[in-house]
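Colleague: This is the structure I want to talk about, given as structure tokens.
Quick note: the coordinates plus some simple rules give every number you see, no bench work behind them. Only a predicted model underlies this, so the values are computations on that prediction, with no experimental measurement involved. Cβ atoms come from the backbone with ideal geometry, glycine included; neighbour counts cover every protein chain shown.
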Amino acid sequence: MALKTPTKFTKEELDKLKTLQTKIDTLTVRFGSLNIAKIKLEKQESLLISELSNLQQEETKTATELTTKYGKGSLNTDTGEFTPIE
């Protein structure tokens, strides 16, 4: 088998290939950064969901305590006035 003579790419061809590789590398870094940001957002979302659950439990507990103390009715939170249901 005869050896083939290597062919050189032109400067323009090499520049185009290098530019494409640089763009691919940049895009790869951007995808990585995006995924890191996504992980951070998912962690924040998880913390907020947990906080919401805790607040809902506290709200339910408070409502039960107030209903036990004052009975059923409605509260005007602006005036603090409670109107019992008869």
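Colleague: Using only Cα atoms, tell me the angle between helix 11-70 and the longest principal axis of the chain; keep it within 0 to 90° and round to the nearest 10.
Modeller: 10 degrees
Colleague: A further question on this structure: How far is it, in nm, from the label point at residue 13 to the one at residue 39 when both lie 7 Å from their Cα along the line to the Cβ?
Modeller: Distance between label points: 4.1 nm.
Colleague: Here is a follow-up. For residue 74 and residue 20, calculate 0.36 nm times their separation in residues minus their Cα-Cα distance, and state this gained length in nm to one decimal.
Modeller: Here the segment from residue 74 to residue 20 would lengthen by 12.7 nm.
Colleague: In the set (1) 20.0; (2) 14.0; (3) 13.0, which value of Kirkwood radius over Cα pairs in Å was calculated from the structure you see?
Modeller: (1)
Colleague: Using modelled amide H (1.01 Å from N, peptide plane; none on Pro or chain starts), what sits under 5 Å from the amide H of residue 73, excluding residues fewer than 5 places away?
Modeller: Distant-sequence amide H within range of residue 73: 85.
Colleague: Looking at segment 33-82, which trypsin sites (Lys or Arg not before Pro) are in a loop (DSSP not H, G, I, E or B) and have at most 16 other Cβ atoms within 10 Å?
Modeller: Answer by residue number: 72.
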